[in-house]
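Colleague: Once you've had a glance at the structure underneath, I'll fire off some questions.
The values are calculated or read from the model by the stated rules, or taken from the named source; none is laboratory data. Model, not experiment: these values are computed from the prediction. Don't worry about glycine lacking a Cβ; one is built from the backbone with ideal geometry, like all the others, and counts go over all protein chains shown. Note: accessible area is taken over every heavy atom of the protein model, side chains too, but ligands, DNA and RNA are not part of it. Shrake-Rupley method; radii C 1.70, N 1.55, O 1.52, S 1.80 Å.
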Amino acid sequence: ESLTIDNETEFDCYENFTIYHPIYVNAQFWIEGVFLIAVGILGILGNILTLVVLHYNKRTNFNNLLSALSLIDILLILFFVIVSVCTVLLQEDIPRWYIMLFPYLLWPLGNIAITSSILMVVAVSAERYLAICRPLQYKPSPVFYVLFVLCVSITVNTGRFFEYEFVLQNRGGDNETYTFTTTELMNNEVYVIFSRY
């Protein structure tokens, strides 16, 4: 196919989706499926190793915060591995439990885990700043940091529990299908802009 502009210049169009779709699907399988799962497993093993090493070290505030960060990262990686397995590797036969849990549990908890992981890195940095630059000043306990991070993460992501809903289509019979869809909240432009930024 070609595109002609001003009857002079001719451009070739290479974006034929029917040709490139199998390449896209294959790349998605290997990158989002196999590679992401392999890296996720390595990440989980690395975080478990971190927890083991920190367990046998002195129980300092810094080590306790690193342990909390490792636990949150394990949950985050597990979320992404589950999503990757169900949506990429099992693309044609996504399990019903995944479709039922995604809108009410997996989507919100995944976002809470992402936010918690980011905020725990900030908490570790804040703890290091106070320990090095203000050694004589009172420092909050690791429990305070963890509870603060969890409260902020849950509060910021409360709306995620109401963004999707489970829908049962073709009720009854052998052709019963189910999916999830967006709610009215996701049709609200102000909410979408505010919640994303």
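Colleague: Longest exposed-loop-site-free stretch of the chain, with trypsin sites (Lys or Arg not before Pro), DSSP loop and at most 16 other Cβ within 10 Å?
Modeller: Longest run free of exposed loop sites: 60-170.
Colleague: By how many nm would the segment from Trp97 to Arg128 lengthen if fully extended, with 0.36 nm per residue of separation less the alpha-carbon distance?
Modeller: Extending this stretch completely gives an extra 6.9 nm.
Colleague: Picking from Leu75, Leu45, Leu150, which is most flexible by a Gaussian network model of the chain using Cα springs under 10 Å?
Modeller: Its mean-square fluctuation being the largest, the pick is Leu45.
Colleague: Can you send over the solvent-accessible area of Val52, 1.4 Å probe, protein chains only, in Å² to the nearest 10?
Modeller: It works out to around 70 Å².
Colleague: About the Cα centre, and with charges only on the beta carbon of Lys, Arg (+1) and Asp, Glu (-1), how big is the dipole of the range 120-197? Nearest 20 debye, please.
Modeller: Using Cβ point charges on Lys, Arg, Asp and Glu, the range 120-197 gives about 660 debye.
Colleague: When only DSSP loop residues count, what chymotrypsin sites (Phe, Trp or Tyr not before Pro) in the range 38-89 have their Cβ near at most 10 other Cβ atoms within 10 Å?
Modeller: Working: sites: Tyr56, Phe62, Phe79, Phe80; in loops: Tyr56.
Within the range 38-89, the qualifying chymotrypsin sites (Phe, Trp or Tyr not before Pro) (loop, at most 10 other Cβ atoms within 10 Å) are Tyr56.
Colleague: Okay, next question. Given a Förster radius of 45 Å and the C-beta distance between Thr18 and Ile48 as r, what FRET efficiency does 1/(1 + (r/R0)^6) yield to the nearest 0.05?
Modeller: FRET efficiency, Thr18 to Ile48: 0.50.
Colleague: Would you pull out the residues with amide H under 5 Å of Tyr178's amide H, same chain only if 5 or more places away, H placed 1.01 Å from N?
Modeller: Close amide H contacts, sequence-distant or interchain: Gln169.
Colleague: Got a sec to turn the phi values of the range 110-118 into Karplus ³J(HN,Hα) couplings, 6.51 cos²θ - 1.76 cosθ + 1.60 with θ = phi - 60°, whole Hz, x for Gly and Pro?
Modeller: x, 5, 5, 5, 4, 4, 4, 4, 5
Colleague: What full-extension length gain, to one decimal in nm, is calculated for Lys58 and Ile118 as 0.36 nm per residue of separation minus the Cα-Cα distance?
Modeller: Values: separation 60, 0.36 × 60 = 21.60 nm, distance 2.49 nm.
My answer for the length gained is 19.1 nm.
Colleague: Oh, and also: So who's got an amide H within less than 5 Å of the one on Tyr164, skipping anything under 5 residues away but keeping other chains? H placed 1.01 Å off N, in plane.
Modeller: Under 5 Å from the amide H of Tyr164: Thr183.
Colleague: Roughly speaking, what is the stretch gain from Glu189 to Phe166, that is 0.36 nm per residue apart minus the C-alpha to C-alpha distance, in nm to one decimal? All intermediate terms of the calculation are to be shown ahead of the outcome.
Modeller: Values: separation 23, 0.36 × 23 = 8.28 nm, distance 2.17 nm.
The span from Glu189 to Phe166 would gain 6.1 nm if fully extended.
Colleague: Apply the Debye scattering formula to the chain, with a single equal point scatterer on each alpha-carbon and no solvent, then give log10 I(q)/I(0) at q = 0.08, 0.15 Å⁻¹.
Modeller: Evaluating at q = 0.08, 0.15 Å⁻¹ gives log10 I(q)/I(0) of -0.45, -1.08.
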